[in-house]
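K.L.:
Can you keep this structure in mind? I'll have questions shortly.
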Amino acid sequence: MDLGQVVVIDFGSQYTQLIVRRVRECGFFAKLYQPEDLDSLENVGSIILSGGPKSTSDSDAPDIDVEKLLSFGVPILGVCYGMQLLNIKYGGNVKPSNKREYGPADMLPEAGCPLFEGVSKSSQVWMSHSDTVENLGESTQVIARNAENTPVGLQYADNIFGIQFHPEVTHSHEGTQILRNFLSLADNLEPFQIGDFKNQLIAEIQERVGTKQVVCGVSGGVDSTVLVALLKEADVDVRAIFVDHGLMRKNEGDEVRKNFKEIGIEIETVECSELFLEKLEGVDDPEKKRVIIGNLFIDVFWDSVGDAEILAQGTLYPDVIESASNDKSKASKIKTHHNRVDRILELQKEGKILEPLAELFKDEVRELGHELGIPADIFNRHPFPGPGLAVRCPGEVTKERLDVIRDCDAIFINKLKESGWYDKVWQAYACLIPVKTVGVKGDERSYEWAIALRAVISEDAMTADWVELPPALLRDISNTILNSVQKVNRCLYDISTKPPASIEWE
Ligand code: XMP
């Protein structure tokens, strides 16, 4: 009997890819599909319908062919929008609402339901929805309620369930257990292990590339380093080009060259910081900055590439989903990612873009790096955005501002390393707040900028929490910055979670 994949149908929730990721964490292969892909699906082991931003009553609400869905005869779980859709298909209805329930709630499961086996009698779950289920179809059973007695878990038929909350986000404390219970209802699911996935990627790369030369931009970050190492492992003819756009951290260029040398790869550096600064002059709109940097990067890059046949990018799954707008995905657009600007999309149409990591999350890429023998201190580096310090410099990007950020950032990061906090933090950086305020330096009045420090923990960059660094460490960092960096007279620590903030300031 063929092994079955876990099919996740995308109705556009920002959390949809987290479902895929959680399923893989449970050790099974999962993939995201659009509702219209249903007809062409093969080897289906179980199906999860995601949440989504639409109301089922909207004229353009995404729908799905339920007859076809049921014809696979596999377990089905509807999450949020997915549940509401199932409820309507099973003869119930959904009440539209203008008010959004967003945040934690208590979920009280009915005893004996296989979906909640091993789950506490009252379990914290994460809600993010407007519409609610009003009436149930005749055969529908309530399998969980919230503290107000509203149904938040339903069973429509044997092995067909719906839940109003999001089990995929970490704020649903026993969400992974609920998913694991659901997956255990399926027969012969295809396992997922990073080593197998690596071999699969290598085979796909070899088939796609053949003898063509692949050019690849490297930044020293985890993604591009793993990408080059993977291409090397696949025995591909690869040239690694490092575009130094001047938006890098302090001494980063030298470190990048040294790190690649350590793993046996010579990189070519293109120095073009002045060109980038020139084009960014006077621009303070974050989206415009991204587009300028993205396009210029590609221009510079292609100029140095010559007539390479394929461009490889270390794009990850969250990058793909966050840039989704008019393409097939129904997720709302959040921002344009560096590797999804128009020029890249054009090249993609011409079949010249290779993105072997596009289905992976950051920590899966690190695992892959480990599998490829990359030293831990390289793949444990904090993530760094493609547009570099430009996204940590709200307002105009100037050399003067960048230098201030670089100096403060270097102090912050070194102190985190010295105190053993660097590896406990998912990402940390300094950001310049381009507002001058009054202070006193020496005996003189100063009128200078403020610097914001941000340190977050996250699993996947989709959600993040700020880190409670010890006050003595923060004091030491702040004192060092304020005493040694010119043009800064205030140091702030960012205590915003994502959502509603994002990790970067921009
Ligand atoms: P936000 O600010 O969206 O950041 O919460 C989530 C994660 O993505 C990184 N980031 C980027 N990475 N190109 C990248 O390669 C980009 O354009 C980009 N923008 C944000 C950010 O550093 C964080 O880790």
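K.L.:
Go through the residues of region 435-448 one by one and say whether even a single one is in a strand (DSSP E or B), within 13 Å of the ligand (Cβ to nearest atom) and at pLDDT 95 or above.
P.N.:
No: zero hits.
K.L.:
Regarding ILE334, is this residue near the ligand (Cβ under 8 Å from one of its atoms), modelled with pLDDT under 70 and in contact with a helix residue (DSSP H, G or I) (Cβ under 6 Å, 6 or more places away or on another chain)?
P.N.:
Here the answer is yes, as ILE334 does meet what is asked.
K.L.:
I would also like to ask the following. Which of the residues belonging to region 337-357 are in a loop (DSSP other than H, G, I, E, B), at pLDDT 85 or above and within 16 Å of the ligand (Cβ to nearest atom)?
P.N.:
Within region 337-357, GLU355, PRO356, LEU357 meet the criteria.
K.L.:
List the number of the failed condition for ILE477; all other conditions in (1) touching a residue at least 60 places away in the same chain (Cβ under 8 Å); (2) over 16 Å from TRP421 (Cα atoms); (3) not charged (D, E, K, R) hold.
P.N.:
Among (1) touching a residue at least 60 places away in the same chain (Cβ under 8 Å); (2) over 16 Å from TRP421 (Cα atoms); (3) not charged (D, E, K, R), the lone unmet condition for ILE477 is (2).
K.L.:
Looking at ASP409, is it at pLDDT 85 or above, of a type in the set (Asp, Glu), open to solvent by 40 Å² or more (accessible area, probe 1.4 Å) and assigned by TED's automatic domain parsing to the domain that holds LYS424?
P.N.:
no
K.L.:
Then there is this: For the subset of region 1-55 comprising residues that are part of a strand (DSSP E or B), of a type outside the set (Phe, Trp, Tyr) and open to solvent by 10 Å² or more (accessible area, probe 1.4 Å), which member is nearest to ASP131 (Cα to Cα)?
P.N.:
The extreme case among them is LEU32.
K.L.:
Let me ask something additional. Could you tell me which of the residues GLU322, GLU268, GLU309 is modelled with pLDDT under 80, of a type in the set (D, E, K, R) and touching a Lys or Arg at 6+ places or on another chain (Cβ under 9 Å)?
P.N.:
GLU322
K.L.:
Kindly indicate the residue of region 375-400 that is β-branched (Val, Ile, Thr) and modelled with pLDDT of 90 or more and also farthest from the ligand (Cβ to nearest atom) among those meeting that condition. Don't jump to the end; show me each part of the working.
P.N.:
Just the residues of region 375-400 that are β-branched (Val, Ile, Thr), to begin with: 378, 391, 397-398.
Applying the additional criterion that residues be modelled with pLDDT of 90 or more yields 391, 397-398.
Working: VAL391: 6, VAL397: 14, THR398: 20 Å.
Going through the qualifying residues, I end up with THR398.
Here's the yes/no breakdown for (1) surrounded by fewer than 20 Cβ atoms within 10 Å (Cβ to Cβ); (2) outside any loop (DSSP other than H, G, I, E, B); (3) within 16 Å of the ligand (Cβ to nearest atom); (4) outside the structural domain of VAL440 (by TED's automatic domain parsing):
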| residue | (1), (2), (3), (4) |
| --- | --- |
| VAL456 | no, yes, yes, no |
| MET462 | no, no, yes, no |
| ASP465 | yes, yes, yes, no |
| ALA472 | yes, yes, no, no |
| LEU482 | yes, yes, no, no |
| PRO500 | yes, no, yes, yes |
| TRP505 | yes, no, yes, yes |
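The values are calculated or read from the model by the stated rules, or taken from the named source; none is laboratory data. All of these numbers come straight from a predicted model, not from anything done at the bench. Neighbour counts run over all protein chains shown; Cβ positions are idealised from the backbone, glycine included. Quick note on the areas: whole protein, heavy atoms, side chains included, nothing else; ligands and nucleic acids left out. Shrake-Rupley method; radii C 1.70, N 1.55, O 1.52, S 1.80 Å.
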